[in-house]
Amino acid sequence: TASAGWVAESTNVSESEMSVGSVTMTPKTVGVHTDISRQLLLQTAASLDVEALVRADLSRAIALAIDLGGLEGSGTSGQPTGILNTSGINTVTNFAAANPTWAETVTLETALAEDNALMGNLAYILPAAMYGALKTTLKDSGSGQYVVEPGGTINGYRAIVSNQATAGNMFFGNFSDLLMGFFGGLDIYLDESALALQGGLRIIALQSMDIAVRHAVSFAVGSDGV
């Protein structure tokens, strides 16, 4: 951002300009297919019923893969780069145990605050096992308060439970700065030729998209170091 400075009377203020960059995305494709046998088609009341069920299942599989890519995508083998593997994000000292203490949890917020990034759509994301443990972890021996507060918040911020996060990993950040760009919509194809000799049907789902972190310092990750 621009920097302001004090000046004496009748003195011009100095020039200062914000730095502007760009985020580039390139198509990365996630896909899955399901084969439906002729017998299954014959045994359903209507083949459209099982086809709709499979379409919904494939759509959910694609959505889960995108969700995982946003958190922990490797950036290799055709995957997008998720928060965990983005250069420049805040990382804190490894938790002493499988689950963080109250003090260790707060270090994620502190990391953002030190970078003037504690703003926006802030939330924690953590796996279910860690969330359950923190519901029974006291902030300190005398407060009677637990790390996960009534209403499911942590220190007043939303706590989102997601088993897409690897066990031992905790994310915190401004999720408005996690960008997802889609190159077209979800494509679903019906292939009647692949299993033609069996009388079956193949349903294919494909989505081209990419993920980018707009500001690396908007995120912090802590883990048990395993």
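Between GLY120, GLY75, GLY88, the distinction of being of a type outside the set (Lys, Arg), without any contact (Cβ under 8 Å) to a residue 12 or more places away in the chain and over 30 Å from ASP191 (Cα atoms) belongs to GLY75 only. Is there a residue being touching a residue at least 24 places away in the same chain (Cβ under 8 Å), of a type in the set (A, V, I, L, M, F, W, C) and surrounded by 10 or more Cβ atoms within 10 Å (Cβ to Cβ) anywhere in the range 16-25? Yes, the range 16-25 contains at least one residue that is touching a residue at least 24 places away in the same chain (Cβ under 8 Å), of a type in the set (A, V, I, L, M, F, W, C) and surrounded by 10 or more Cβ atoms within 10 Å (Cβ to Cβ). Restricting attention to the range 123-178, the residues being among the hydrophobic types (A, V, I, L, M, F, W, C) and touching a residue at least 40 places away in the same chain (Cβ under 8 Å) number 13. GLY120 passes every criterion in (1) open to solvent by less than 20 Å² (accessible area, probe 1.4 Å); (2) in contact with a helix residue (DSSP H, G or I) (Cβ under 7 Å, 6 or more places away or on another chain); (3) assigned to a loop (DSSP other than H, G, I, E, B) apart from (1). Answer yes or no as to whether GLY222 is over 24 Å from ALA133 (Cα atoms), in contact (Cβ under 8 Å) with a residue 60 or more places away in the chain and either polar (S, T, N, Q) or open to solvent by less than 40 Å² (accessible area, probe 1.4 Å) (or both). It is false that GLY222 is over 24 Å from ALA133 (Cα atoms), in contact (Cβ under 8 Å) with a residue 60 or more places away in the chain and either polar (S, T, N, Q) or open to solvent by less than 40 Å² (accessible area, probe 1.4 Å) (or both). Looking across the range 1-55, the residues that are within 30 Å of THR86 (Cα to Cα) and of a type in the set (D, E, K, R) come down to GLU17, LYS28. Within the range 197-212, residues that are within 22 Å of THR24 (Cβ to Cβ) have Cβ atoms under 6 Å from residues that are in a helix (DSSP H, G or I) and small (Gly, Ala, Ser) in these pairs: ILE211/GLY69; ILE211/GLY70, counting only partners at least 6 apart in sequence or on another chain. Here LEU190 passes the criteria (1) in a strand (DSSP E or B); (2) at pLDDT 95 or above; (3) of a type outside the set (Ser, Thr, Tyr) except the one numbered (2). I'm told ALA2 meets every condition in (1) surrounded by 10 or more Cβ atoms within 10 Å (Cβ to Cβ); (2) more than 30 Å from the chain's Cα centre (by Cα); (3) of a type in the set (A, V, I, L, M); (4) farther than 24 Å from SER193 by Cβ except one. Can you identify the failing condition by its number? Status for ALA2: all satisfied but (1). Kindly indicate the residue of the range 147-170 that is surrounded by fewer than 19 Cβ atoms within 10 Å (Cβ to Cβ) and of a type in the set (Gly, Ala, Ser) and also farthest from VAL221 (Cα to Cα) among those meeting that condition. For the range 147-170, the residue satisfying everything is GLY151. When restricted to residues that are among the acidic types (Asp, Glu) and closer than 14 Å to ILE66 by Cβ, the range 188-226 contains 1.
Those residues that are open to solvent by 30 Å² or more (accessible area, probe 1.4 Å), under 18 Å from PHE175 (Cα atoms), in contact with a strand residue (DSSP E or B) (Cβ under 7 Å, 6 or more places away or on another chain) and in a helix (DSSP H, G or I), I need them from the range 74-106; list them, please. Of everything in the range 74-106, those that are open to solvent by 30 Å² or more (accessible area, probe 1.4 Å), under 18 Å from PHE175 (Cα atoms), in contact with a strand residue (DSSP E or B) (Cβ under 7 Å, 6 or more places away or on another chain) and in a helix (DSSP H, G or I) turn out to be LEU84, ASN85.
The values are calculated or read from the model by the stated rules, or taken from the named source; none is laboratory data. This one's a predicted model, so the numbers in the text were calculated from it and none came from an experiment. Positions of Cβ are backbone-derived with ideal geometry, glycine not excepted, and every protein chain shown enters the neighbour counts. Keep in mind that these areas ignore ligands, DNA and RNA; they rest on the heavy atoms of the full protein, side chains included. Shrake-Rupley method; radii C 1.70, N 1.55, O 1.52, S 1.80 Å.
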